[in-house]
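J.: Questions regarding the structure given below will be posed in turn.
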Amino acid sequence: MKLPRSYYNLLSYIGTAIAGISFFMMLYLFAVAFIFERSSSYLGLFIYIILPVFLIIGLLLIPIGMLFELKRRKKKGKDYLKKAWPIIDLNVSKYRNAIIIFCIVSLFFLFLTGLGSYEAFHYTESVEFCGTLCHEVMEPEHIAYQNSSHSRVACVDCHVGSGADWYMRSKLSGLRQVHAVLTDNFSRPIETPITDLRPARETCEECHWPQKFYERQLRYSKHYLTDSLNTEWNISLQMKIGPTHSSLGLSEGIHWHINPDVKIEYIAKRDNRKKIPWVKYTNLATGEVTIYQDTIKPLKQKKLESSEPRNMDCIDCHNRPSHHYLTPQEFVDYAIASGEIPEDLPFIKKIAMDLFIDPYESKDTLFIAVESYIRDFYKNHNSIDQELYIDKIDQAILGINKGASKNIFPEMGVSWDKYPDHIGHKTYNGCFRCHSDNHISETGQTISKDCNLCHTIVKQGKAGEESKAFVDETLEFIHPVDIKGEWKNGLCVECHRYLYL
């Protein structure tokens, strides 16, 4: 087939080869993904992003090579190139062939471009793309997300949401992040994008309807002590997430904070919102305004004047709704309760707690340390017959390593203590950031830390020996380990943040 003489040059040949190879590679990889039903972040990356770029580059090189060839021939004084514009005569086969090829390729290319753009858009919006493409960086968050209650909610539903402005903002931020990954210039662990997240009303409330929260709910928890028997300690709480009856709306309960007739504002000492020394309450129905300040560590006047108060919303408490890292106490208790770690293996809870005091350099180091420490403990403990528990020891090692692998990522500097969860008050300050008895108004009103504001205890104690109360009554908290009532004088975090019970 004859083509214009300007096509016959090295650069156009190279462009044709690049475009042809890219096109057939796209078809091949697409066939592999379709026929064998294999999908991975890298396969999608090549099909919808990398190879199309090379296809476009190859197609662009063809006319660029032709232009260079025209200029080269013109400099040599070729007669047919002395005119400013070429004459296209469809009666001449080479011109007719070139136009037919150009039209067919252009239509086909436009079709592929539209299809590829559509698929590339959806691919970049997929969980696979967000969670697995940058494996080292996103591995901790992706695994935590997979084990969360929102694991069937796509990443973009919360991190991007609807609207072109947020989409462009997220993609521009993504370009910066890609550059950081390519240059290995990112923090370990990565920082939580607190100030860059969409408002909760535009994300959380797309599914959760604040005005339709359920009434109070019961929560059952199992804990295991660090004695030789791994004594099971149960506690059941009636969580006052809402009122005693749904007809009362948000008049009381934990979710009173987002009552539409109430406005809660605060100023935190730092962007991480771990310490909140200034709180403003506004009753929108009556106009009543009350300002509470931390009397122990008050906010400096300069900081107060330069800061803009933030309106409290869902994320201020539910700050890790999809990327929650369990503490060692939590994932070990869970594994014992589920049977992944044998409950009747002596001292296993204590051993597990000892293993997670110091950080590790890598997961391999962690796994080796877990196995070595557990085997050495039972080997050197004279009162325990290691042979009697050999199978349970192997099971315990697997169970502890499984829990650790989901919550501790040494290579990224990620573990349970790097990302505080503001729900509750046991391991992190959470509720006690405001409810500390230290936030007092000018009139003497206090933001109370009374436990019964948010929950009441209806059952607690050793398994089979629990104390019980009616659901409309409450039991006084009993600490599983006798610490002489010291828990009343401080905050839970003062012990549970650093020590393991």
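The numbers here are math on the coordinates, done by the rules we state, and not lab data. Quick caveat: nothing in here was measured; it's all calculated off a predicted structure. Backbone-built Cβ (ideal geometry, glycine too); neighbour counts: all protein chains shown.
J.: Can you give me the angle between helix 363-380 and the longest principal axis of the chain, using Cα atoms only, in degrees from 0 to 90, rounded to the nearest 10?
T.: Roughly 30 degrees, rounded to the nearest 10.
J.: If you don't mind, there's one more thing I want to ask. Students often forget the sequence filter, so: which lysines lie under 25 Å Cα-Cα from residue 71 once same-chain residues fewer than 8 apart are removed?
T.: 2, 82, 83, 94
J.: State whether region 195-322 is rounded, prolate or oblate according to the following rule on the C-alpha gyration tensor (a ≥ b ≥ c being the square roots of its eigenvalues): a/c under 1.5 gives rounded; otherwise a/b larger than b/c gives prolate, and the remaining case gives oblate. Please report the intermediate quantities before stating the final value.
T.: Values: a/c = 1.92, a/b = 1.33, b/c = 1.45.
Since a/c reaches 1.5 but b/c is at least a/b, the shape of region 195-322 is classed as oblate.
J.: So what is the calculated 222 nm ellipticity per residue for the chain, using -39500 (n - 2.57) for each DSSP H run with n of 4 or more, over all residues, to the nearest 500 deg cm²/dmol? Provide the component values of the computation, followed by the final result.
T.: Working: 14 runs with 195 residues, N = 501.
Value at 222 nm, helices only, nearest 500: -12500 deg cm²/dmol.
J.: Based on the alpha-carbon gyration tensor of region 450-490 and its eigenvalue square roots a ≥ b ≥ c, which shape applies: rounded if a/c is under 1.5, prolate if not and a/b is larger than b/c, or oblate? Please report the intermediate quantities before stating the final value.
T.: On the way: a/c = 3.15, a/b = 1.14, b/c = 2.76.
It is oblate, given that a/c is not under 1.5 and a/b is not larger than b/c.
J.: Kindly state, as a whole number, the per residue volume in cubic angstrom of the convex hull around the alpha carbon atoms of the chain. Don't jump to the answer; show the numbers that get you there.
T.: Numbers: hull volume 127.7 nm³, N = 501.
Hull volume normalised by residue count: 255 Å³.
J.: Say the cut-off is 32 Å between C-alpha atoms; which of 350/488; 280/418; 349/468; 269/363 go over it?
T.: Details: 350/488 25 Å; 280/418 29 Å; 349/468 26 Å; 269/363 35 Å.
Over 32 Å Cα-Cα: 269/363.
J.: What does the convex hull of the Cα atoms of region 212-275 come to per residue, in Å³, rounded to a whole number?
T.: With only Cα atoms used, region 212-275 gives 126 Å³ per residue.
J.: Among 419, 373, 28, 325, rank each residue by its count of other Cβ atoms within 10 Å, from fewest to most, as a rough exposure measure.
T.: Details: 419 21, 373 15, 28 12, 325 24.
If I rank by nearby Cβ atoms, fewest first, I get 28, 373, 419, 325.
J.: Can you put 239, 312 in order of Cβ neighbours within 10 angstrom, beginning with the fewest? Before the final figure, lay out the partial values.
T.: Working: 239 14, 312 21.
Going from least to most buried by this count: 239, 312.
J.: While we're on this one: How large is Rg over Rh for region 328-412, taking Rg from the Cα atoms and Rh as the Kirkwood inverse mean of 1/r across Cα pairs?
T.: Rounded to two decimals, Rg over Rh is 0.95.
J.: Further question on the same structure: Relative to the compact-globule scaling 2.2 N^0.38 Å, provide the ratio for the alpha-carbon radius of gyration of region 252-310. Can you show the working numbers first?
T.: Values: Rg = 12.4 Å, N = 59, 2.2 N^0.38 = 10.4 Å.
So region 252-310 has a normalised radius of gyration of 1.20.
J.: Please arrange 322, 251, 383 by counting, for each residue, the other beta carbons lying within 10 Å of its beta carbon, fewest first.
T.: In order of increasing Cβ crowding within 10 Å: 383, 251, 322.
J.: Could I ask something else about it? Along Cα→Cβ, 7 Å out, is where each label goes; now give me the distance between the ones at residue 379 and residue 402 in nm to one decimal.
T.: 2.5 nm
J.: Separate question: What is region 359-501 by shape, rounded, prolate or oblate, if you read a ≥ b ≥ c off the alpha carbon gyration tensor as root eigenvalues and call it rounded for a/c under 1.5, prolate for a/b larger than b/c, and oblate otherwise? Please list the in-between numbers first.
T.: Working: a/c = 2.88, a/b = 1.64, b/c = 1.75.
Here region 359-501 falls in the oblate category.
J.: Aspartates and glutamates within cross-link reach of residue 240: Cα-Cα under 12 Å, excluding same-chain residues under 8 positions apart?
T.: Once the sequence-local aspartates and glutamates are set aside, what remains near residue 240 is 215, 252, 472.
J.: What dipole magnitude, in Debye to the nearest 20, does the chain give about its Cα centre under +1 on Lys/Arg Cβ and -1 on Asp/Glu Cβ? Intermediate results must be reported in sequence, preceding the final value.
T.: Values: 57 positive and 60 negative charges, 765 e Å.
Using Cβ point charges on Lys, Arg, Asp and Glu, the chain gives about 3680 debye.
J.: Let me ask something else about it. Assuming a viscosity of 1.002 mPa s and a temperature of 20 °C, what translational diffusion coefficient in µm² per second does Stokes-Einstein assign to region 266-351, Rh being the Kirkwood radius over Cα pairs?
T.: Values: Rh = 16.9 Å.
For the chosen part, D equals 127 µm²/s.
J.: What are the ³J(HN,Hα) values, in whole Hz, obtained from phi via the Karplus relation 6.51 cos²θ - 1.76 cosθ + 1.60 with θ = phi - 60°, for each residue of region 416-423 in sequence order, with x given for Gly and Pro?
T.: Running phi through 6.51 cos²θ - 1.76 cosθ + 1.60 with θ = phi - 60° gives 4, 8, 8, 10, x, 10, 7, 7 Hz.
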